[in-house]
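A short write-up of the structure that comes next.
What follows draws every value from the coordinates through simple rules; no lab data is involved. Predicted model only: the values in this text are computed from it and were never measured. Virtual Cβ from ideal backbone geometry, glycine too; neighbours counted across all protein chains shown.
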Amino acid sequence: MFHLAPVSRCSIFGLPPGVRCLLRPQCTAILRRYQSNDARKRSLTIDGKSYPSDSWTNAPENILIQYGRRLHVQPNHPLSIARQLIESCFPGFQHHNSLPGVVTVDQNFDSLGFASDHPGRSKTDTYYLNQDTVLRTHTSAHEVDVFRANTSNGYTICGDVYRRDAIDRTHYPIFHQIEGALTWDRSAFKSSEHFSQHIQNDLARLGSAGVDVEDPNPTFHPERNPLQAKHHAAEEAEAIAAHLKRSLEHMAVAIFTAADKALKASDHAAQEEQEPLKIRWVEAFFPHTSPSWELEVWWRGDWLEVLGCGVIEQPLLIRADVPSRMGWAFGLGLERLAMLLFGIPDIRLFWSKDQRFLGQFDENKPIKRFQPFSKYPAAPRDVAFWIPDAGAAVVETPATTSSSPSPAGGQITAAPPPDTPSFHENDLMEVVRDTAGDSVEDVSLIDKFTHPKTGRQSLCYRITYRSLEKTLTTEEANDLHEQIRRELVARFGVELR
């Protein structure tokens, strides 16, 4: 599926461990020099198309080798089952499940109005094939194109998305999103009142979701959740918002009813009487919807954030050459939903080819809870180092609390630091992934210190090694850890402690 040329790797893993550790520094240095000297000649070939590399290229082999797995449409895969459950809630929608994961910078950022200095454009956040091409960071990269094609009133888009992120049991640099939208053509009606009444009639046909709903706030608020007064009449936005909420309430009931049935059918399910499902709407901000909300569900004793949604900002539809259309959009993360539905404890499992995992799921049968087949011991190791410069360092980056995309335009990202950082935590995560792959369960900062005289910063990270497929020996964990230590020195010039 993917080819990296002409860089070759020097393989020393067939040698005895004692010889291997003696040769690794020399081989790593030779490989690094070759990669560095030949970087401008490299090209990436994905799905038969070649992309020339340049100074922006940062997509590593361990990410590109997963491109094209298409887990969201793989028969009987839990992500595919979750996708089908969501799609079943929107009859008549057009479902896009095969849009390519390689997109232009224009599609991923410019078409959605992202500012030129938006932090999401940074190489510390996004995987670039070259300065003009990225691995999409959200399914919204296709939104303007789909709106412009205007082949259906409603649609969903589902696919793999890529972000440089933290390493833990709920985050992975490749995950899957599904978003949906429904629009109406205002020009087909003789007045705003007739347009709004048509949407209200569509709402009436949806019927009640049969669940308690908390929605204490007005549809829009001039400061917190503004109406797009330049483009929308109040009654239009009211009708669209009401249709959006009712549609997603039905979807939430379908999802959590399935989750409840799976729990009750499992041997370890809690059999005590559970509180009824409840839904609440929380005002939110997303870049390309207004007004906007988050949908939360009370389930099994806790409020769970499920998705983000809102009334689509009209400038986005204008950019898509459909200025007379108005509507709503939502987005959510498939992994988060599937982990909840199936009780899957570690996001790495979705990428497993082990039949002990894959064989547990059947899209033609009711959803069943995942039964763990192994629990191999953790092997934590610490690495501490001085950052070479006293400049700004980006650490303790908040792992995205939700893998849901912001409706109609990607995910909100924290503001960039005021100065170019001398060290970014996401770069450490990439070193760990490049070296140890899925043999690492978690990486966390456990200590940081600034020298009072020199201003130098010291960081200490705990790397927890745990394979999903076997017990790592002490030698194997030490071997991986030593490679990571050497790579940190070589790439970033840190001073190990």
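Data overview
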{"read-out": "Efficiency of FRET between D302 and Q94 - r from beta-carbon atoms, R0 30 angstrom, step 0.05", "value": "0.30"}
{"read-out": "Set of aspartates and glutamates near K190 by C-alpha distance (under 16 Å), chain-local residues within fewer than 8 positions excluded", "value": "E235, E236"}
{"read-out": "Distance between modelled label sites at S444 and K278, nm, 7 Å Cα→Cβ extension", "value": "3.1 nm"}
{"read-out": "Spatially proximal lysines relative to K123 (Cα-Cα < 27 Å; intrachain offsets below 8 disregarded)", "value": "K41, K49, K448"}
{"read-out": "Length gained when the stretch R70-F373 is fully extended (0.36 nm per residue, less Cα-Cα span)", "value": "106.6 nm"}
{"read-out": "Long-range amide H partners of S266 with built H, under 5 Å", "value": "none"}
{"read-out": "Set of aspartates and glutamates near K365 by C-alpha distance (under 16 Å), chain-local residues within fewer than 8 positions excluded", "value": "D260"}
{"read-out": "Förster radius 30 Å - calculated FRET efficiency between E61 and D260 (Cβ-Cβ, nearest 0.05)", "value": "0.10"}
{"read-out": "Net length gained if the chain between S352 and E87 were fully extended (0.36 nm per residue, minus Cα distance)", "value": "92.9 nm"}
{"read-out": "Relative contact order %, segment 170-324, counting alpha carbon pairs below 8 Å whose residues are six or more apart", "value": "22 percent"}
